[in-house]
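I have placed the structure first, in the form of structure tokens, so that the comments after it can refer back to it.
The values are calculated or read from the model by the stated rules, or taken from the named source; none is laboratory data. Since the structure is predicted, the reported quantities are computational estimates derived from the model, not experimental observations. A quick note on method: Cβ atoms are made from the backbone with ideal geometry, for glycine too, and the neighbour counts reach across all protein chains shown.
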């Protein structure tokens with residue numbers, strides 16, 4: 001069997017919920033399908049499940065837990081009896097093992113006119129050498145936008161990341177290697193998509209200004225202050241350098257599970273005379289960490305836990321590279337983003 005055939009058996013991708021998806025499910029004949037959606041689509045999840053069940057001729061159940069990405073899809077224990085999984089709003093992560101046949105519906109939506117958006121970027125005076133990065137929903141806009149920006153006299157590039165990324169120019173909250181591959185050839189990055197999470201992660205990962213273009217709202221945000229973001233993290237690292245008791249957070253989600261790294265962090269802690277215990281969970285929840293006799297945490301799960309949700313936790317939460325900074329094994333500069341490979 002070829003690699004392409006093996007890949008086809010693991011997952012299939014679709015632009016949206018359509019007749020092709022229903023036909024493929026009818027052909028596969030699963031008795032029960034589990035549907036998982038991101039938080040933004042929860043309101044319509046049950047209507048989508050009913051439609052898909054009618055069109056595919058199968059029982060479709062909705063997974064209560066929304067997903068942040070293809071790293072935290074449900075395990076078979078969470079969806080008993082399901083013989084297939086449909087995941088909305090995310091692309092596959094090629095190197096993450098799948099426990100069920102999985103159908104990824106990427107909900108592609110190019111957004112506004114590439115020409116109009118390029119004119120908006122041009123009017124804002126963005127640098128002449130731009131790198132493009134996009135969320136999966138807006139990847140179809142990347143090529144036409146690059147062409148339209150080229151017509152304004154700009155040189156535009158977008159890169160192909162490592163084995164964790166399915167597409168060129170794609171952003172994952174834990175992996176911006178496509179951007180890192182071209183960082184030396186651009187003066188700034190333009191993120192195409194909605195929300196703050198990806199531009200924030202991109203700003204931590206690359207030492208270039210990061211502008212955010214929302215193609216649905218037609219808004220262009222100025223660069224995040226990368227220096228301020230990193231100084232804030234460095235101050236947090238400095239505040240826990242004397243901490244003696246650490247918790248090492250490990251997610252059991254297949255795409256976030258880094259048990260080997262957790263053991264390595266525990267060994268590094270012991271080598272420096274610190275105590276460290278490994279704490280297992282599916283989704284890391286601040287409420288589960290309350291009341292523990294620990295001074296700080298290092299999260300081996302999604303980087304957003306430390307970088308985006310830090311204020312929710314009862315104690316400081318570091319990424320693994322930041323933990324090594326706190327131990328003195330890595331310098332504070334240059335800042336190292338916690339990249340999943």
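Of the residues making up the range 174-194, those that are closer than 27 Å to residue 253 by Cβ and assigned to a loop (DSSP other than H, G, I, E, B) number 5.
Taking (1) under 24 Å from residue 208 (Cβ atoms); (2) touching a helix residue (DSSP H, G or I) at 6+ places or on another chain (Cβ under 7 Å) in turn, residue 327 satisfies each apart from (1).
Sort out for me the helices (runs of 4 or more DSSP H) sitting completely within the range 234-341 that have 1 or more residues that are more than 20 Å from the chain's Cα centre (by Cα). Spell out how you get there, then give the answer.
Working: elements: 259-271, 304-307, 320-327.
Output list reads 259-271, 320-327.
Comparison of 139, 160, 224, 202 shows that the only residue that is under 20 Å from the mean Cα position of the chain (by Cα), surrounded by 15 or more Cβ atoms within 10 Å (Cβ to Cβ) and assigned to a loop (DSSP other than H, G, I, E, B) is 224. Taken together, 75, 99 contain a single residue that is touching a strand residue (DSSP E or B) at 6+ places or on another chain (Cβ under 9 Å), surrounded by fewer than 16 Cβ atoms within 10 Å (Cβ to Cβ) and over 30 Å from residue 223 (Cα atoms), which is 99. Please pick out the residue among 179, 148, 118, 169 that is touching a helix residue (DSSP H, G or I) at 6+ places or on another chain (Cβ under 7 Å), free of Cβ contacts under 8 Å to residues at least 60 places away in the same chain, on the phi > 0 side of the Ramachandran plot and not assigned by TED's automatic domain parsing to the domain that holds residue 89. Of the residues listed, the single one that is touching a helix residue (DSSP H, G or I) at 6+ places or on another chain (Cβ under 7 Å), free of Cβ contacts under 8 Å to residues at least 60 places away in the same chain, on the phi > 0 side of the Ramachandran plot and not assigned by TED's automatic domain parsing to the domain that holds residue 89 is 169.
In this structure, does residue 60 turn out to be surrounded by 17 or more Cβ atoms within 10 Å (Cβ to Cβ) and free of Cβ contacts under 8 Å to residues at least 40 places away in the same chain? Lay out the reasoning, then the answer.
On the way: surrounded by 17 or more Cβ atoms within 10 Å (Cβ to Cβ): yes; free of Cβ contacts under 8 Å to residues at least 40 places away in the same chain: yes.
Yes; evaluated as a whole, the condition is true for this residue.
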